[in-house]
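Peer 1: The structure's right below; bear with me while I get my questions together.
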Amino acid sequence: MTVTDGTLAVSRSSAISKLAIRLMSRYAGRGPNQTRTYFNDDIVTIVMRDLLTKPETSLLDNGKNDLVLSTRKAFQEVMSGELIAGVEEIMHRKVIAFLSANSVEPDIAVETFVLAPTERQEADAERG
């Protein structure tokens, strides 16, 4: 990886983290307090921490963990199109699979995107 490649990765990582924070804020009323985006070949993963809203905290205090998780899943489904489109725009690659998971203890959400192979990867695969 060259310095330019490293700078581009940091820039893309920051842009994807900001996208996730912006969408979470818009859909849930607040964004995470900590967000980090990781890259590995054809995988982009966003890890968000400290997302609980006041209503979610109240529900959890009253044993309604399943309700909080199902509500988060519903929000994720509603915002997934925008999140996928944003990752595709930032990465200049198509997302071929999207996976999402939430935990309330600890308070973490993970969004993972599997990217389509680049033209170079496809050519390398054809050559064997």
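Read the figures in this text as sums done on the coordinates, not as results from a lab. Quantities reported herein were computed from a predicted structural model and do not represent experimental measurements. Here Cβ is always computed from backbone atoms with ideal geometry, including for glycine, and neighbour counts include all displayed protein chains.
Peer 1: State the extension gain, in nm to one decimal, for the chain segment bounded by THR57 and GLU82, taking 0.36 nm per residue of separation less the distance between their alpha-carbons.
Peer 2: Numbers: separation 25, 0.36 × 25 = 9.00 nm, distance 2.64 nm.
Stretched fully, the THR57-GLU82 segment lengthens by 6.4 nm.
Peer 1: OK, next. Set Lys and Arg Cβ to +1 and Asp and Glu Cβ to -1, take the dipole of the chain about its Cα centre, and tell me which of ILE84, THR53, ALA116 lies farthest positive.
Peer 2: Checking the options against the dipole of the chain, the answer is THR53.
Peer 1: So who's got an amide H within less than 5 Å of the one on ASP107, skipping anything under 5 residues away but keeping other chains? H placed 1.01 Å off N, in plane.
Peer 2: Those lying under 5 Å, H to H, from ASP107 are ASP50.
Peer 1: Given N residues in the range 8-74, what is Rg(Cα) / (2.2 N^0.38 Å)?
Peer 2: Values: Rg = 13.9 Å, N = 67, 2.2 N^0.38 = 10.9 Å.
Here the answer is 1.28, to two decimals.
Peer 1: Here's a follow-up. Using the 10 angstrom Cβ neighbour count as an exposure proxy, how do ARG120, ARG49 rank, fewest first?
Peer 2: Details: ARG120 8, ARG49 15.
Ordered from fewest to most neighbouring Cβ atoms within 10 Å, ARG120, ARG49 come out as ARG120, ARG49.
Peer 1: Evaluate Rg over Rh across the chain, taking Cα atoms for both radii and Kirkwood's formula for Rh.
Peer 2: Numbers: Rg = 16.5 Å, Rh = 15.8 Å.
Here the Rg-to-Rh quotient is 1.05.
Peer 1: Neighbour counts of other C-beta atoms within 10 Å: give me ASP61, ASP50, ASP107 arranged from fewest to most. Intermediate values should be presented prior to the final figure.
Peer 2: Details: ASP61 8, ASP50 14, ASP107 19.
Least crowded to most crowded, the residues run ASP61, ASP50, ASP107.
Peer 1: Here is a follow-up. Percent relative contact order of the range 1-88, based on C-alpha pairs within less than 8 angstrom and at least six residues apart? Write down the numbers at each step before the final one.
Peer 2: Values: 70 pairs, mean separation 21.3, N = 88.
That works out to 24 percent.
Peer 1: Spin-label point model (7 Å from Cα, Cβ direction): what's the ASN40 to VAL110 distance in nm?
Peer 2: 0.9
Peer 1: Can you sort THR57, THR37 by how many other beta carbons sit within 10 Å, fewest first?
Peer 2: Starting with the residue having the fewest Cβ neighbours, the order is THR57, THR37.
Peer 1: Oh, and also: Using +1 on the beta carbon of Lys and Arg, -1 on that of Asp and Glu, and nothing else charged, what's the dipole of the chain about the Cα centre, debye to 20?
Peer 2: On the way: 15 positive and 18 negative charges, 94 e Å.
Here the size comes out at about 440 debye.
Peer 1: Still on this structure, I have one more. Using a Gaussian network for the chain with springs between C-alpha atoms less than 10 Å apart, which of these wobbles most: SER14, SER58, SER25?
Peer 2: SER58
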